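Worksheet: the structure to be examined is printed underneath.
Values in this text are rule-based calculations from the coordinates and carry no lab data. The shown structure was predicted, so the numbers you read here are calculated from the model rather than taken from an experiment. Methodologically, a virtual Cβ is constructed for each residue, glycine included, from the backbone with ideal geometry; neighbour enumeration extends over all protein chains shown.
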Amino acid sequence: MHTIQQKLLRLADTYNIGNMSLRDVAKIIDVPHPQIVKHHLEQLERKELIEWDRENKTIVKRTTGVVSNSDFSIVPVLGSANCGQADIYADERIEGHIKVSSLLLKNKKSVFAIKAVGASMNKANIDGRSIEDGDYVIIDATDQNICSNDYVLSVIDETANIKKIIIDKQYGQVCLISESTHEYPPIYIDESEATKYFVSGKVIQVIKHPVN
């Protein structure tokens with residue numbers, strides 16, 4: 001996301017910037033021209049990150065939850081997660097939205113999407129779908145009933161990754177493994193390292209990147 005758009009979203013947390021002149025907004029966020037502000041507000045509106053009511057002069061940030069009607073749901077995309085080594089920083093900044101058939105979401109409401117990076121899960125099987133580079137992975141953030149052999153989005157030292165989880169209660173450890181046509185080493189985590197590791201949610205669906 002462009003830094004100007006990030007500044008506008010932060011400003012919208014405090015002020016109704018829809019009731020401010022573009023020139024005033026430009027001064028606050030240190031942008032040289034009001035039309036630059038207008039351009040980036042329109043980009044945020046196009047990404048469905050804000051609701052801009054021009055008649056009533058209001059601009060409000062959209063919530064991060066799923067917005068749906070009977071047929072389709074608008075799912076927030078919260079960045080990317082690595083399907084290789086865990087080296088992509090994990091944050092919860094909305095980078096956009098995707099429109100998905102509600103049936104694909106299995107009637108789940110508290111979900112978000114992560115864009116997969118890498119090939120270490122290209123032999124995974126989520127309802128017959130693998131996870132390949134560029135796919136959108138749908139995460140159920142409310143399902144914390146994690147069992148061995150579930151596919152999860154986990155965060156290790158503030159980096160995000162998608163893996164299959166193996167819970168080894170006998171030895172007090174968790175193993176995150178890849179399922180790939182390539183060799184990737186597993187990640188072993190001791191129970192004592194719980195503060196450095198947590199599961200953000202369970203993988204429930206994969207929206208495949210279209211193939212030309």
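Evaluate the relative contact order of the chain (contact order divided by residue number), counting alpha-carbon pairs under 8 angstrom at least 6 apart; express in whole percent. Numbers along the way, then the final one.
On the way: 447 pairs, mean separation 34.9, N = 212.
Relative contact order for the chain comes out at 16 percent.
How much length is gained if the chain between Arg129 and Asp150 is pulled fully straight, taking 0.36 nm per residue apart and subtracting their Cα-Cα distance, in nm to one decimal?
Extra length from Arg129 to Asp150 when fully extended: 6.1 nm.
Among Gly172, Gly96, Gly118, which one moves the most in a GNM of the chain with springs linking Cα atoms closer than 10 Å?
Top of the fluctuation ranking is Gly172.
Need one number: % antiparallel among DSSP beta bridges in the chain, to the nearest 5.
Beta bridges within the chain, antiparallel portion: roughly 90 percent.
Assuming R0 = 41 Å, can you tell me the calculated FRET efficiency for the pair Ile189 and Gln43, based on Cβ-Cβ distance, to the nearest 0.05?
0.55
Specify the longest stretch of the chain that does not include any exposed loop site, a site being one of the GluC sites (Glu not before Pro) with a non-H, G, I, E, B DSSP assignment and at most 11 other Cβ atoms within 10 Å.
Segment 93-157 is the longest.
Just the Kirkwood number for the range 148-194, please: inverse of mean 1/r across all distinct Cα pairs, in Å, one decimal.
Across the range 148-194, the inverse of the average 1/r is 11.2 Å.
Give the total of Lys-Lys pairs in the range 3-61 with Cα-Cα distances below 18 Å; include a pair only if its members are 8 or more places apart or on different chains.
For the range 3-61, the number of qualifying lysine pairs is 9.
Contour minus end-to-end for Asp24 and Phe72, with contour as 0.36 nm per residue of separation and end-to-end as the Cα-Cα distance? Provide the component values of the computation, followed by the final result.
Values: separation 48, 0.36 × 48 = 17.28 nm, distance 3.77 nm.
This chain segment gains 13.5 nm when fully extended.
Using only the Cα atoms of the chain, each taken as one equal point scatterer with no solvent, compute I(q) by the Debye sum, divide by I(0), and report log10 of the ratio at q = 0.11, 0.14, 0.17 Å⁻¹.
Treating every Cα as an identical point scatterer, log10 I(q)/I(0) equals -0.61, -0.88, -1.11.
Distance between Cα centroids, the range 4-21 to the range 151-204: provide it in whole Å.
Cα centres, the range 4-21 to the range 151-204: 38 Å.
As an exercise, use a Förster radius of 41 Å and the Cβ-Cβ distance of Leu11 and Tyr171 to find the FRET efficiency, rounded to the nearest 0.05.
That gives a FRET efficiency of 0.25.
Between Lys164, Lys109, Lys57, which gets the highest mean-square fluctuation from a Gaussian network model of the chain, Cα cutoff 10 Å?
Greatest mean-square fluctuation among the candidates belongs to Lys57.
Could you tell me what a quarter of the Cα convex hull surface of the range 3-61 works out to, in nm² with one decimal place? Present the calculation step by step, with values, prior to reporting the outcome.
Details: hull surface 13.7 nm².
Mean shadow area of the hull around the Cα atoms is 3.4 nm².
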